[in-house]
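Undergrad: So that we are looking at the same thing, I have put the structure below in structure tokens.
The values are calculated or read from the model by the stated rules, or taken from the named source; none is laboratory data. Fair warning: this is a prediction, and the values are worked out from it, not measured in the lab. Glycine gets a Cβ as well: all are built from the backbone with ideal geometry, and neighbour counts include every protein chain shown.
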Amino acid sequence: MLNKLLPRLAFAPAQTAPRGDTLVVIFLRGAADVLNMVVPHGESAYYNLRPSLGIPRPDDRRAKNEARTLDLDGFFGLHPEMRPLLEMWQEKQLAIIHACGAPDESRSHFKAMELMERGVDDERGPASGWIGRHLATLDTGNSSPLRAIGLGQMPQRSLSGSVPVSALRSIADFHLGGDPRAVAQMRAALNTIYAQDVAGQETLNILDILQKLDPIAQSPIPNYQYPITDFGLALRQTAMLVKAEVGLEVAAIDLGGWDTHFAQGGIQARLLKDLSEGLAAFHAEMADQMGKLTVVTMSEFGRRVAENGSLGTDHGHGSMMMVLGGHVDGGKVYGDWPGLQAEQLVGPGDLAVSSDYRDVLAEIIQVRLNNPAVDAIFPEHRVRFKGIVG
């Protein structure tokens with residue numbers, strides 16, 4: 001096993017270790033249509049407003065079995081492409097928080113993502129990100145350059161703050177095309193530069209570890225295989241870093257493409273397949289570590305309840321979050337369901353927000369990451385825990 005072959009890096013002082021779980025934050029960018037992800041199949045208004053896009057009820061014999069909603073509790077169900085998540089739901093390691101979101105009603109991707117990643121109500125709040133403030137308010141004694149990473153071209157806005165974070169597009173990039181001479185030359189040059197620099201030497205140690213990790217060549221685990229996509233690779237690399245014990249505390253991953261104004265059905269199915277297969281593979285690979293892992297998904301807002309004339313959905317309001325982990329009180333849909341009748345909708349016809357996304361994140365931070373400073377992380381917000389994690 002990888003974690004038996006690689007040494008644990010001693011980034012923390014003696015008798016000190018990263019506190020709490022490793023947190024994996026997955027942002028579904030573009031405003032995911034959560035009503036077709038976790039389907040309120042027990043509400044007739046859903047089908048009245050979505051005569052073409054609505055996912056058939058679990059007992060709808062007019063639809064093919066593979067096209068029907070996967071029932072969860074008699075009222076809510078999963079999109080059929082989310083079948084890979086059923087096992088973790090049944091194991092009670094997956095919780096869903098529906099009608100969840102932010103108070104902002106601008107329906108602007110840019111503004112909504114900016115405010116959500118900063119964890120604030122409006123532009124007047126602190127400029128740092130909510131993860132950045134979490135890292136700054138929790139001294140774990142962990143000086144690893146990989147304490148927090150953003151998988152992608154650059155770190156996510158939520159990671160911004162006083163604690164340095166790393167952007168990691170691909171571990172394979174550190175292999176320099178597989179040329180050992182190029183690797184040796186780079187290592188020698190950096191060793192000269194950082195000869196008297198402790199932090200630099202830690203960076204070199206990280207490079208040495210990354211050289212031994214190969215997400216491309218690693219054999220797929222039994223039963224599940226990561227999707228061959230950027231998202232699948234990001235999850236696979238996150239698993240590698242957790243098992244290699246390089247000091248990882250937070251990983252931020254993006255999955256974009258959810259702005260489905262046109263021809264939504266096929267686009268969403270592809271994205272849900274990527275999301276669900278990736279999470280299922282990660283869950284399977286990390287089974288032995290799930291007691292120290294928490295995964296959360298979020299999106300800047302939801303989509304209009306009624307389908308539009310282009311077989312898509314327009315920008316909405318209420319969204320949905322999922323929380324996965326070994327200490328999740330799962331197998332439940334949390335939150336007060338506001339309903340989809342005309343008088344229950346907000347704005348131009350959107351799902352209302354009955355749970356603030358910061359309540360979910362704050363509970364994870366305090367209970368699973370052992371950081372009590374939630375008032376500093378989410379200023380001007382009164383946190384209300386739901387008992388999702390223990």
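Undergrad: Please state which one of Gly312, Gly316, Gly266, Gly278 is in the same structural domain as Glu114 (by TED's automatic domain parsing), under 20 Å from the mean Cα position of the chain (by Cα) and not β-branched (Val, Ile, Thr).
TA: Result of the check over Gly312, Gly316, Gly266, Gly278: Gly278.
Undergrad: I want to confirm something. Restricting to region 360-373 and keeping residues that are surrounded by fewer than 23 Cβ atoms within 10 Å (Cβ to Cβ) and assigned to a helix (DSSP H, G or I), which single residue is nearest to the chain's Cα centre (by Cα)?
TA: It comes out as Glu363.
Undergrad: Please go through region 128-144 and pick out each residue that is surrounded by fewer than 20 Cβ atoms within 10 Å (Cβ to Cβ) and touching a helix residue (DSSP H, G or I) at 6+ places or on another chain (Cβ under 7 Å).
TA: The answer is Thr137, Ser143.
Undergrad: Test Leu86 against the stated conditions and say whether it is in contact with a strand residue (DSSP E or B) (Cβ under 9 Å, 6 or more places away or on another chain) and buried (at least 23 other Cβ atoms within 10 Å of the Cβ).
TA: So Leu86 does not fit the description; no.
Undergrad: Here is a further query. Would you call Val333 outside any helix (DSSP H, G or I), touching a residue at least 60 places away in the same chain (Cβ under 8 Å), assigned by TED's automatic domain parsing to the domain that holds Gly256 and surrounded by fewer than 23 Cβ atoms within 10 Å (Cβ to Cβ)?
TA: yes
Undergrad: What number of residues in region 21-61 are surrounded by 20 or more Cβ atoms within 10 Å (Cβ to Cβ) and farther than 25 Å from His315 by Cβ?
TA: Residues flagged as surrounded by 20 or more Cβ atoms within 10 Å (Cβ to Cβ) and farther than 25 Å from His315 by Cβ within region 21-61 amount to 4.
Undergrad: Is there a residue being surrounded by 19 or more Cβ atoms within 10 Å (Cβ to Cβ), aromatic (Phe, Trp, Tyr), assigned by TED's automatic domain parsing to the domain that holds Leu23 and out of contact with any Ser or Thr (no Cβ under 6 Å at 6 or more places or on another chain) anywhere in region 337-346?
TA: No: zero hits.
Undergrad: Sticking with this structure for a sec: Given (1) β-branched (Val, Ile, Thr); (2) touching a His at 6+ places or on another chain (Cβ under 7 Å); (3) farther than 30 Å from Tyr46 by Cβ; (4) not assigned by TED's automatic domain parsing to the domain that holds Glu87, identify the lone condition not met by Ile365.
TA: (4)
Undergrad: Among (1) small (Gly, Ala, Ser); (2) assigned to a loop (DSSP other than H, G, I, E, B); (3) buried (at least 22 other Cβ atoms within 10 Å of the Cβ), there is one condition Ala281 misses while meeting the rest; what is its number?
TA: Going through the list (1) small (Gly, Ala, Ser); (2) assigned to a loop (DSSP other than H, G, I, E, B); (3) buried (at least 22 other Cβ atoms within 10 Å of the Cβ), Ala281 breaks only (2).
Undergrad: Hey, another quick one. Would you check if Glu117 is modelled with pLDDT of 95 or more, out of contact with any Gly (no Cβ under 6 Å at 6 or more places or on another chain) and acidic (Asp, Glu)?
TA: no
Undergrad: A further question on this structure: Is there a residue in region 131-153 that is among the charged types (D, E, K, R), in contact with a strand residue (DSSP E or B) (Cβ under 9 Å, 6 or more places away or on another chain) and at pLDDT below 95?
TA: Yes, region 131-153 contains at least one residue that is among the charged types (D, E, K, R), in contact with a strand residue (DSSP E or B) (Cβ under 9 Å, 6 or more places away or on another chain) and at pLDDT below 95.
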